Amino acid sequence: MWTSGRAVLYCYVNIALRTAWRRGCSDVIRGFTLHYRVTFRVPPFMECAHLSALPLPAEQGSERVGEAEVTARRAQAENEEMQRNQQKRKRKIKQKKTTSHKKKPDQVNILLTELPFANADISPVIEKTQNKKVKKKRKPQQLETGEDGDKRKKQKRVNYFVSMPILNVKILDDIQTVQNSVLQKDERLSGAMIPQGSFHLTLFVMHLASEEDVTLATSALLESKKPIEEILQGNVLVLSFCGISHFKHQVAYVDVTNDASTSTLKQIAEATGKIFKEKGISVSGYKDFVPHLTFMKLSRAPQLRKKGIKMIDALLYKDFQDHCFGEDTLMRLDLCSMIKKKQPSGYYHTESSIFFGQKCRDTIKDIAQKELKPLLNKVEDIKKLLVLPETRAKIYKEVFGTRLTAGNSRPVLATETKVLT
């Protein structure tokens, strides 16, 4: 029964397919089988196979199941391959990142050999950079005693300097006028003012750790007298002070305007600094020496930063920027201490001094005579008063209680005066 029914069904299907192919006008065939509406969609060019070549229903179901399994397996294999490829890509990216920072030594050597300075020695440059970094990190510390008992200098802090004192009274008075004018505008700068009596020109600074170093520096200063006299050639060095300038608005000073005198003073500073250096003393500042007379600097009062003062305003001394303060003569150089107690006059403690030439000595005498002339005139006036008889009579009366009679050198006593009356 089943075989005959199946053959009839195949026959009908074959007939329907053939008629559709012959007509060629429609690719859809609708039929009713077992009360079901079946739709067959046939391509326009379709070759109809023989009924014997068509598979059986059981065989068709098994083939469909096998195809589904194959497609599922293929999809699973494709997914696995996709995951593997993604993992490989991730690994390659990681390797590139790690290898980009690390260069092979062979490649580095090849690149260096291609450069023109491949054989150059760069060790001094590296040492200098390392020393600079160390200096920035260091902090001021005191001397440290080692195991052998020797004191090692962790950091050399300047404590002595060679200077030329400023003695002209007019210059000192004008500087005090400028300081008073600045303080009237801003009283907070009082701690930044250089006190009276300590005005000078600093030639260079140094570090002296012991009294032996001080003695060595004293001998160096004395030895520098001869080279300085050779530079001066018997002439007097006169420096003129005019105008006010500043160093980065941190230090205000009076300018030295005479170019010839400035160059001579620079030669003196360089010659003296070399002698100190030959003695083994750590000296700094003589090579880039700039003559300046400081009258105000913020480093004297660190608390001003807390008050908001980080720089000196040029408007405070604007009225004196072109003012001529006067001239002063180089008569001596002093080795001064920054840490020892100052002199009563306000000037720094002086270890030793040197004077220059006969002309300088004559100049000193002239200055001394000018200073002493008013006193000498007063002494002469006193002598003239003492010669007068009236003055002598008053002195005798106050001292002995007697008076001198006219034409008699003998003093008359007080009892005698009563008898005469």
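The values are calculated or read from the model by the stated rules, or taken from the named source; none is laboratory data. Worth saying up front: this structure is predicted, and the values here are computed from it rather than measured. Using ideal geometry, Cβ is built from the backbone for each residue, glycine included, and neighbour counts are taken over all protein chains shown. Just so you know, the surface numbers come from the protein's heavy atoms only, side chains and all, with ligands and any DNA or RNA stripped out. Shrake-Rupley method; radii C 1.70, N 1.55, O 1.52, S 1.80 Å.
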Item to check | Sequence-distant residues sharing a close amide H with H292 (under 5 Å, placed H) | outcome: T202
Checklist entry - Net charge near L315, counting Lys/Arg +1 and Asp/Glu -1 over other residues with Cβ under 13 Å of its Cβ? => result -1
Item to check | Segment D186-K97, length gained on full extension (0.36 nm per residue, minus Cα span) | outcome: 25.9 nm
Next on the checklist: I'd like the carbon and sulfur percentage of the solvent accessible area for the stretch 165-275, probe radius 1.4 Å, heavy atoms only, ligands and nucleic acids excluded.
Outcome noted: 51
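Local charge sum around Y347 (other residues, Cβ-Cβ under 13 Å, Lys/Arg +1, Asp/Glu -1)?
+2
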Item to check | Residue-normalised accessible area of the stretch 265-363, expressed per residue, 1.4 Å probe, Å² | outcome: 56
Next on the checklist: Show me the trypsin sites (Lys or Arg not before Pro) within the stretch 243-335 that DSSP assigns to loop and that have at most 12 other Cβ atoms within 10 Å of their Cβ.
Outcome noted: K248, K287, R305, K306, K307, K310
Item to check | Cut-off under 5 Å, modelled amide H: who pairs with I354 long-range | outcome: L333
Item to check | Vicinal HN-Hα couplings computed from phi for the stretch 302-313 (Karplus, 6.51 cos²θ - 1.76 cosθ + 1.60; Hz; Gly/Pro x) | outcome: x, 5, 5, 5, 5, 7, x, 9, 10, 7, 8, 6
Checklist outcome for this item: In the stretch 293-349 the accessible area split gives carbon plus sulfur, as whole percent at 1.4 Å, a share of 52
Item to check | Gain on full stretching of the segment that runs from V399 to K225 - 0.36 nm per residue minus C-alpha separation | outcome: 57.0 nm
Item to check | Charge sum, other residues only, whose C-beta stays under 12 Å from I231's C-beta, Lys/Arg counted +1 and Asp/Glu -1 | outcome: 0
Checklist outcome for this item: Violations at 24 Å Cα threshold for listed pairs K226/K274; K226/K342; K306/K340; K248/K340; K156/K341; K226/K340 -> K226/K342; K306/K340; K248/K340; K226/K340
